[in-house]
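Okay, so here's the structure we're looking at.
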Amino acid sequence: MPALPGPPAAPPAVGGATEQLRRRNLSTVLDLVHRDRALSRSTLTARTGLNRSTVGDLVSELERLGLVFEELPVGSNLPGRPSPIVRPNPGVVTVALNPEVDAINVGLVSLGGSVLARMRLEIGAPRSAAEVVALGASAIDGLLSGREGLRVAGVGVAIPGQVRLSDGEVREATHMGWADEPVAAMVAEATGLPTWAANAANLGMRAESAFGAGRGVDDFIYLIGGPSGIGGGAVTGGELLVGAAGYAGEFGHTFVRSDGTACPCGARGCLEAEVTQAALLAAVGLETGEIAALSERLRAVRRQDSGGPRANGAAAMIDEQLRLLGIAIRTLVNSFNPRLVILGGFLGDLFEASGSAGDQLYGGAIRSARDGVTVVRDRLGRDQLMIGAAELVFAHVITDPGGQFA
């Protein structure tokens, strides 16, 4: 399982080696229950290698902390006493915040990676960091209002830009017009909740790895497209590549066209300057708020369902966007030798419109690198950034359950 960007440090050895081991075992059990959402005690025993008595004690401790609960399996016909099922407590939640150029998305995500509620605040155009934080804090208040019995672990912020891991400062979010903005600290001050921030694409990839298309895959490439551009990341040997300061995976700035469109980064011909959500929506006659219909409309145009010059022109534009996406994927396949390429957001819609098994997107890669590669679209859809932002917070809960919720 790939490591989160900026994973929290292991808890100190308070009380000696035995106490440290107990806390580490608590973390291991909670992590397994969180990822699988339901595991029997017997399965936990087998997967941890601990004895039944120890697992029972650990589960009881996590129950006391209010992080898990147990129930008997329904409809079991097995002889003997059935092994209780351990589930994450859905009342333990994280607030997820994802600002974009056109909207602010806020959600509640429970332990176990389920999105309980969400809201989208349309802003029409990029706002300053201070404005986004104020609007986001107000939206969070509204989302939490009237919800009794929740234990909020913190806020996770998914930023479409480069975020410094050490303190959650946004170094660059060019589409938002932000530079050197201490967003994590600003959100924490506005909400009174502990807050962490990271690059949105890295968090979306983390969500797909834990609960989606990348689950159980140790080597994959992830690309996601949205209104703020294209981001991505790579998992190699089960480890997320984050770079020296957390800025790795800016695949939207892969060079795909000579003397191409100017990119906000200052270069020309970057993938995210050439392949855009806005261009695809315009080509098929959709507004920004109609993004959910993009996949079907793209497929319809490529089938030439509507016919006529406009449809033919749109189909040619879609083909060109696919060609440029293929150049980027070919480069990444050659560089990282993945087993899987996951396409999220509007890139997933574009891939579905191709009607292919994905080979046209990486066919130009060297033969040895492309052998065995599969291209798929994301599995979590619009939930991936909400879940990924929540993972940033839950990582701290899981690392030290007793320290967070004692």
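The values are calculated or read from the model by the stated rules, or taken from the named source; none is laboratory data. Keep in mind that what you see is a predicted model, and the values were worked out from it rather than measured. Cβ: placed from backbone, ideal geometry, glycine included. Neighbour counts: every protein chain shown.
Restricting the first member to region 172-189 and to residues that are free of Cβ contacts under 8 Å to residues at least 24 places away in the same chain, and the second to residues that are of a type in the set (D, E, K, R), the beta-carbon pairs closer than 8 Å and six or more apart or on different chains are Ala179/Arg171; Ala179/Glu172; Asp180/Glu169; Asp180/Arg171; Pro182/Asp167; Pro182/Glu169; Ala185/Asp167; Ala185/Glu169. Residues in region 352-383 that are in contact (Cβ under 8 Å) with a residue 40 or more places away in the chain and aliphatic (A, V, I, L, M): Ala353, Val373, Val375, Val376, Leu380.
Filtering region 139-157 down to residues that are in a loop (DSSP other than H, G, I, E, B) and on the phi < 0 side of the Ramachandran plot, which residue is surrounded by the most Cβ atoms within 10 Å (Cβ to Cβ)?
Leu150
Among the residues of region 351-406, those identified as out of contact with any helix residue (DSSP H, G or I) (no Cβ under 7 Å at 6 or more places or on another chain) and aliphatic (A, V, I, L, M) are Ala357, Val376, Met386, Ala390, Val393, Ala395, Ala406. Picking from residues in region 38-53 that are of a type in the set (Lys, Arg) and surrounded by fewer than 16 Cβ atoms within 10 Å (Cβ to Cβ), the one that is farthest from Arg206 (Cα to Cα) is Arg52. Contact annotation: residue pairs with Cβ atoms under 8 Å, 6 or more positions apart or on different chains, pairing a residue in region 298-313 that is in a loop (DSSP other than H, G, I, E, B) and exposed (fewer than 13 other Cβ atoms within 10 Å of the Cβ) with a partner that is at pLDDT 75 or above and not β-branched (Val, Ile, Thr), are Gln304/Ala315.
Which one is farthest from the chain's Cα centre (by Cα), of the residues in region 108-131 that are in a strand (DSSP E or B) and not aliphatic (A, V, I, L, M)? Walk me through it before giving the result.
Quick first cut of region 108-131, residues in a strand (DSSP E or B) only: 108-110, 114-122.
Right, trim to not aliphatic (A, V, I, L, M) and you get 110, 114, 118, 120, 122.
Working: Ser110: 15, Ser114: 13, Arg118: 15, Arg120: 17, Glu122: 21 Å.
Among them, the one singled out is Glu122.
Name the residue that is farthest from Arg151 (Cα to Cα), counting only residues in region 54-107 that are assigned to a loop (DSSP other than H, G, I, E, B) and among the hydrophobic types (A, V, I, L, M, F, W, C). Among residues in region 54-107 that are assigned to a loop (DSSP other than H, G, I, E, B) and among the hydrophobic types (A, V, I, L, M, F, W, C), the one farthest from Arg151 (Cα to Cα) is Leu78. Scanning region 118-158 for residues that are farther than 18 Å from Glu100 by Cα, out of contact with any helix residue (DSSP H, G or I) (no Cβ under 6 Å at 6 or more places or on another chain) and of a type in the set (A, V, I, L, M) gives Leu143, Leu144, Leu150, Val152.
Among residues that are under 18 Å from the mean Cα position of the chain (by Cα), modelled with pLDDT under 95 and β-branched (Val, Ile, Thr), Val242 is included. Annotation: of all residues in region 160-182 being touching a Gly at 6+ places or on another chain (Cβ under 6 Å) and crowded, with 24+ Cβ neighbours inside 10 Å, the one that is nearest to Arg379 (Cα to Cα) is Ala173. Which residues, counting only those in region 93-114, are crowded, with 18+ Cβ neighbours inside 10 Å and among the hydrophobic types (A, V, I, L, M, F, W, C)? Val93, Val95, Ala96, Leu97, Val101, Ile104, Val106, Leu108, Val109, Leu111 - these are the residues of region 93-114 that are crowded, with 18+ Cβ neighbours inside 10 Å and among the hydrophobic types (A, V, I, L, M, F, W, C).
Quick check on region 298-308. Is at least one of its residues under 16 Å from Leu280 (Cβ atoms) and either of a type in the set (Phe, Trp, Tyr) or at pLDDT 90 or above (or both)? Within region 298-308 (the criterion being under 16 Å from Leu280 (Cβ atoms) and either of a type in the set (Phe, Trp, Tyr) or at pLDDT 90 or above (or both)), the answer is yes, since at least one residue qualifies.
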